[in-house]
1. Which numbered condition in (1) at pLDDT below 95; (2) assigned to a strand (DSSP E or B); (3) under 30 Å from residue 105 (Cα atoms) is the only one that residue 253 fails?
2. Out of 227, 201, report the one residue that is at pLDDT below 90 and not in a strand (DSSP E or B).
3. Of all the residues that make up segment 189-222, how many are in contact with a helix residue (DSSP H, G or I) (Cβ under 9 Å, 6 or more places away or on another chain) and within 17 Å of residue 168 (Cβ to Cβ)?
4. Got a sec? Which strands (runs of 3 or more DSSP E) wholly within segment 114-190 have at least 3 residues that are within 30 Å of residue 200 (Cα to Cα)?
5. Could you figure out which of (1) modelled with pLDDT of 90 or more; (2) within 16 Å of the chain's Cα centre (by Cα) isn't true of residue 117?
6. For residues that are closer than 25 Å to residue 288 by Cβ and in contact (Cβ under 8 Å) with a residue 40 or more places away in the chain, scanning just segment 164-179, find the one that is surrounded by the most Cβ atoms within 10 Å (Cβ to Cβ).
7. Hey, could you check segment 51-61 for residues that are touching a residue at least 24 places away in the same chain (Cβ under 8 Å) and surrounded by fewer than 17 Cβ atoms within 10 Å (Cβ to Cβ) and say which is farthest from residue 124 (Cα to Cα)?
């Protein structure tokens, strides 16, 4: 992926003012003298440094799709990080890393969601440390890939006619197609995931496939929180005849488990067998196989 850098420091001071004091640069009268930004920063004791001063690994876009992307970088000190992005240098969207849980961290992975395919986006990472110093990255750009018309291989995909029959819960009461909803586990997108609302070992979902199919392979990646919770350790799959397969042992977060199976079904139920508790969920699960002819 090609990333383009733009000059930042023409925008830097205005950004810090917005972060530190909201609309301090607004003027009551168009004839009023302009705010001395440098003096205002000094007066309020605000230190501003380039993000690169505390970056251990450079900013990079990972797992980007036609509609989403993930920014990753590692800082040498804990930062409370924010990502601003949009189709112009005025941005217009903001994202915070869901792993922060209200705390500063060093491994940053904020997401950009609901993007348009084949579109150039501008983005900038910025954050503050515990001593109040602001660290601001450069303005960078990337282009999302074009949308694909190919039918997904995943038999659980709604694009293949699959339909969610039920789910134990979605975090925050989200609808199935919203952030944290169950459909985030079937969309072939590592930037989205399903999170239950504290279901732990009781998390489950059931899907009616769009067609009766021979299932040959299951792939699975668990979600996990930085505090060790939300991780699924093993799970089972039940077919439409009530046959239970598994439990399947799940690898570490970030790794994809693959499980060879051999059954024909028109629906599946997923159940957590063991977890670390909390908001258990799935980054991505796929059932791979071939439709079975009705003839």
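1. If we test residue 253 against (1) at pLDDT below 95; (2) assigned to a strand (DSSP E or B); (3) under 30 Å from residue 105 (Cα atoms), just (2) comes out false.
2. 227
3. Qualifying residue count, segment 189-222: 8.
4. In segment 114-190, the matching strands (runs of 3 or more DSSP E) lie at 163-167.
5. Against the list (1) modelled with pLDDT of 90 or more; (2) within 16 Å of the chain's Cα centre (by Cα), residue 117 comes up short only on (2).
6. Restricting to residues being closer than 25 Å to residue 288 by Cβ and in contact (Cβ under 8 Å) with a residue 40 or more places away in the chain, the top hit is 164.
7. 56
The values are calculated or read from the model by the stated rules, or taken from the named source; none is laboratory data. It should be emphasised that the depicted structure is a prediction, and the values quoted were computed from it without experimental measurement. Using ideal geometry, Cβ is built from the backbone for each residue, glycine included, and neighbour counts are taken over all protein chains shown.
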